[in-house]
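Below is one structure; the comments refer to it alone.
The values are calculated or read from the model by the stated rules, or taken from the named source; none is laboratory data. Here the structure is a predicted model, which means the values were calculated and not measured. Cβ coordinates were reconstructed from backbone atoms using ideal geometry, including for glycine residues, and neighbour counts include every protein chain displayed. Quick note on the areas: whole protein, heavy atoms, side chains included, nothing else; ligands and nucleic acids left out. Shrake-Rupley method; radii C 1.70, N 1.55, O 1.52, S 1.80 Å.
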Amino acid sequence: MGNNNYPCYGPYGEGRPSFRRGIDGYTNASSKPLLDLVNRLLDSHTTLLLMGDSTTRQKLQAFQCELARTDPRIRFNGNLFGIVPCDTLLRVYMPDKRELHVYGVSLGPRATECIGKHFPTKLSGTELNAIIASDPTLGIAYHANKLLDMINHEQNRSVLVVANTGLWYNIESEYRQVMPGVLAWLHNRTQLRQNQFGVPLQNRVAWHETLRQHWISTDGTGYFDVTVVDAQEAGWKQQSLDNETLVPPKEFMVPHCCQHISNSSDWRNDIARQLIHAQPRYVEQIPILPMADITRDVPDLHTCNPYYKHDCTHYCFTPLMYQPLWHQMRELASSFQPVGSV
């Protein structure tokens with residue numbers, strides 16, 4: 001699993017030592033947090049939604065891989081590449097014949113392209129802009145909200161939402177503008193105790209930290225800078241691949257493709273944390289799932305190959321990296337009560 005276009009290339013032992021790197025307390029292969037999570041969701045008639053940027057597709061893939069490792073009898077059906085700009089659905093078929101729906105949902109600027117799907121006739125540019133301007137989330141959660149309405153009110157099911165939108169934004173002011181509305185929208189969804197037919201709901205939401213990037217950058221934060229990245233790739237194209245002085249494969253990944261973070265500044269996660277901690281009701285209803293520190297020191301887990309455009313945002317799949325997320329999601333679902341006991 002690499003990015004949307006290219007797989008993860010070797011060498012995996014010398015060039016990517018983090019493939020064998022575990023996280024303290026989360027390296028027990030006999031632990032089955034996702035199996036516990038899925039059974040809890042099924043018992044409580046709850047649908048799982050992973051919302052966010054393009055790394056959401058990777059979490060959906062990792063979810064499938066981990067469940068298949070846990071129990072090879074589990075079967076799946078769905079288009080894992082179809083998240084942007086709207087959503088995709090992964091169906092999980094358990095050995096006991098029960099079926100779980102897991103959505104990957106776009107939550108970012110391109111999601112505004114999906115607003116027109118909810119109107120009988122095509123919207124004009126003026127009409128679309130008016131909807132975006134009047135929406136508290138600037139339109140990025142408009143489609144996601146309609147999807148949640150369908151699940152809550154038409155399917156009579158609760159939702160567990162794990163959301164993030166950070167990597168959509170490379171301009172801090174734009175991120176600051178959209179985040180208050182997004183958090184308010186997520187919190188409001190937790191306050192819906194029953195649907196329009198009186199069916200009890202147990203909606204839960206969480207905000208997971210933005211994964212760290214490891215691009216070569218002038219400030220050492222690893223954030224993407226198109227000018228720096230374009231210059232880096234232009235330099236590669238000028239080299240002959242037959243040149244014996246080329247960088248050895250084990251050194252190409254780090255530091256010649258992606259680099260270690262030398263500047264701890266991380267405004268995406270700082271802004272989200274500040275906004276949540278400023279509202280007591282958010283602290284209680286929108287727990288933060290740590291992922292920044294987990295991905296800080298693994299620059300060798302990205303897609304890098306001098307033949308193609310490189311990628312220091314998306315991660316190659318390793319089950320060890322995602323274990324903390326699965327355990328955190330299981331804890332989120334621990335308060336769900338089986339249908340009939342609410």
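Taking segment 185-228 as the range and being in a helix (DSSP H, G or I) and either polar (S, T, N, Q) or crowded, with 17+ Cβ neighbours inside 10 Å (or both) as the test, the residues that pass are Trp185, Leu186, His187, Asn188, Arg189, Thr190, Thr227. Just the residues that are in a loop (DSSP other than H, G, I, E, B), modelled with pLDDT of 90 or more and touching a helix residue (DSSP H, G or I) at 6+ places or on another chain (Cβ under 6 Å), please, taken from segment 301-342. Phe336, Pro338 - these are the residues of segment 301-342 that are in a loop (DSSP other than H, G, I, E, B), modelled with pLDDT of 90 or more and touching a helix residue (DSSP H, G or I) at 6+ places or on another chain (Cβ under 6 Å).
Considering segment 129-174, the residues that are in contact with a Gly (Cβ under 7 Å, 6 or more places away or on another chain) and open to solvent by less than 10 Å² (accessible area, probe 1.4 Å) include one that is nearest to Tyr223 (Cα to Cα), namely Thr165. Reported count of residues in segment 78-117, each being outside any strand (DSSP E or B), surrounded by 14 or more Cβ atoms within 10 Å (Cβ to Cβ) and not hydrophobic (A, V, I, L, M, F, W, C), is 8. Cβ-Cβ distances below 7 Å connect the following pairs, each with a first residue in segment 260-288 that is closer than 23 Å to Val161 by Cα and open to solvent by 60 Å² or more (accessible area, probe 1.4 Å), a second residue that is among the hydrophobic types (A, V, I, L, M, F, W, C) and not in a helix (DSSP H, G or I), and a separation of six or more residues or different chains: Arg273/Ile288. If you check Leu60 against the conditions, is it open to solvent by less than 50 Å² (accessible area, probe 1.4 Å), at pLDDT 95 or above and in contact with a Leu (Cβ under 7 Å, 6 or more places away or on another chain)? Judged against the criteria, Leu60 is not a match.
Within segment 174-193, restricting attention to residues that are touching a Leu at 6+ places or on another chain (Cβ under 7 Å) and of a type in the set (Lys, Arg), the residue that is nearest to Trp267 (Cα to Cα) is Arg189. Of the residues Leu35, Leu48, the single one that is part of a strand (DSSP E or B) and touching a helix residue (DSSP H, G or I) at 6+ places or on another chain (Cβ under 9 Å) is Leu48.
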